[in-house]
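Q: Here it is, the structure, as structure tokens.
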Amino acid sequence: QKEVEQNSGPLSVPEGAIASLNCTYSDRGSQSFFWYRQYSGKSPELIMSIYSNGDKEDGRFTAQLNKASQYVSLLIRDSQPSDSATYLCAVKTVRNTPLVFGKGTRLSVIA
Amino acid sequence: EAGVVQSPRYKIIEKKQPVAFWCNPISGHNTLYWYRQNLGQGPELLIRYENEEAVDDSQLPKDRFSAERLKGVDSTLKIQPAELGDSAVYLCASSLGPTYYNEQFFGPGTRLTVL
């Protein structure tokens, strides 16, 4: 069974610090990796996608992918209280397989 | 560009009653997904449509759940009869296509409470 594992948290970081969120996956055939942010009572919002090994930066967010070690991470620089949310990692293999989500990591940024 | 639209946003029903959810995907998105999200869990796929064809419904409880996507645009998900365990958030998402790099965008969801 394909699995995506995340630490449920809460991960607490002070305002202005770097928040590091990690995700491991079991299927070596996984091709695409997504990070979604979900505020309490809201739906998931796509913030990053990454498809090849290495880093991908978008503003304060950096996604890191290491297929050999089967992990993907999300770094949030200069964390703000508004970043407090649950971050969902999602993984997809090839065309006709579903997107598999982890349970999410709850991030709390303390002002 | 408008996002994925869902209605209703909230629904409270008694068990054994029917309920239906409606979704309008992002314009031009051929692939539509229905997910269910339980508290503290990630979304789980119920059914995926490519245009009007259901191509992955292996996780859809077919004894009580049904879905349709007439004309390949809007979609409706129905539960009949609802059970207590169906209480969850039902999310609709869409993407340009089904390939691995196609990003999925979610609607606001429908929070269902079955009493």
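Q: At most 15 other C-beta atoms within 10 Å and a DSSP loop state: those are the exposed trypsin sites (Lys or Arg not before Pro) I care about. Give me the longest piece of chain B that has none. Let's see the in-between values first.
A: Details: sites that count: B:R9, B:K15, B:K16, B:K62, B:R64.
Longest run free of exposed loop sites: B:65-115.
Q: Give me the dipole magnitude in Debye, nearest 20, for the protein assembly as shown about the Cα centre, with unit charges on the beta carbon: positive for Lys and Arg, negative for Asp and Glu.
A: Details: 24 positive and 24 negative charges, 75 e Å.
Once rounded to the nearest 20, the dipole reads 360 debye.
Q: Name the chymotrypsin sites (Phe, Trp or Tyr not before Pro) in the stretch B:12-93 that are in a loop by DSSP and that have at most 12 other C-beta atoms within 10 Å, would you?
A: On the way: sites: B:F21, B:W22, B:Y33, B:W34, B:Y35, B:Y49, B:F65, B:Y90; in loops: none.
For chymotrypsin sites (Phe, Trp or Tyr not before Pro) across the stretch B:12-93 that sit outside H, G, I, E and B with at most 12 neighbouring Cβ atoms in 10 Å, the list is empty.
Q: Here is a further query. Ignoring any ligand, DNA or RNA, what whole percent of the accessible area of chain B comes from carbon and sulfur when the probe is 1.4 angstrom?
A: Ligands and nucleic acids excluded, carbon and sulfur reach 50 percent.
Q: Follow-up. Relative contact order for the stretch B:2-43 using alpha-carbon pairs under 8 Å, separation at least 6, rounded to a whole percent? Before the final figure, lay out each step's value.
A: On the way: 26 pairs, mean separation 16.4, N = 42.
It rounds to 39 percent for the stretch B:2-43.
Q: Something else: For chain A, the longest stretch holding no chymotrypsin sites (Phe, Trp or Tyr not before Pro) located in a DSSP loop with at most 16 other Cβ atoms within 10 Å is which? Could the numbers behind the result be given before it?
A: Values: sites that count: A:Y39, A:Y51.
Formally, the longest exposed-site-free interval is A:52-111.
Q: Let me ask another. Each residue of the stretch B:73-81 in turn: what ³J(HN,Hα) in whole Hz from Karplus with 6.51, -1.76, 1.60 and θ = phi - 60°, glycine and Pro shown as x?
A: For the stretch B:73-81, the Karplus curve yields 10, 5, 9, 10, 10, 10, 10, 7, x Hz.
Q: Roughly how many nanometres apart are two label points built 7 Å out from the Cα toward the Cβ at B:Q80 and B:E103?
A: 3.8
Q: Further, regarding this structure: Just how large is the dipole of the stretch A:1-73 about the Cα centre, in debye to the nearest 20, putting +1 at every Lys and Arg Cβ and -1 at every Asp and Glu Cβ? Could the numbers behind the result be given before it?
A: Details: 7 positive and 8 negative charges, 25 e Å.
Once rounded to the nearest 20, the dipole reads 120 debye.
Q: Could you check the spin-label model distance between B:T113 and B:Y10? Points 7 Å from the Cα along Cα→Cβ, value in nm.
A: So the two model labels end up 0.7 nm from each other.
Q: Moving to a separate point now. So what does A:V109 come to for accessible area, using a 1.4 Å probe and Å² rounded to 10?
A: So the heavy atoms of A:V109 present about 10 Å² to solvent.
Q: Note down the nm distance, to one decimal, between modelled labels 7 Å out along Cα→Cβ at B:K71 and at B:N38.
A: 3.7
Q: Averaged over its residues, how many other protein chain Cβ atoms are within 10 Å of peptide A:44-52's Cβ atoms? Intermediate results must be reported in sequence, preceding the final value.
A: Numbers: counts 10, 3, 5, 0, 1, 4, 0, 2, 0.
So the per-residue partner count for this stretch is 3.
Q: Oh, and also: Filter B:K15/B:K62; A:K2/B:K11; A:K42/B:K71 down to the pairs with a C-alpha to C-alpha distance above 26 Å, please.
A: In this structure, A:K2/B:K11; A:K42/B:K71 exceed 26 Å between Cα atoms.
The values are calculated or read from the model by the stated rules, or taken from the named source; none is laboratory data. Nothing here was measured: the structure is a model prediction, and the numbers come from that model. Positions of Cβ are backbone-derived with ideal geometry, glycine not excepted, and every protein chain shown enters the neighbour counts. These accessible areas exclude ligands, DNA and RNA; they are computed on the full protein's heavy atoms, side chains included. Shrake-Rupley method; radii C 1.70, N 1.55, O 1.52, S 1.80 Å.
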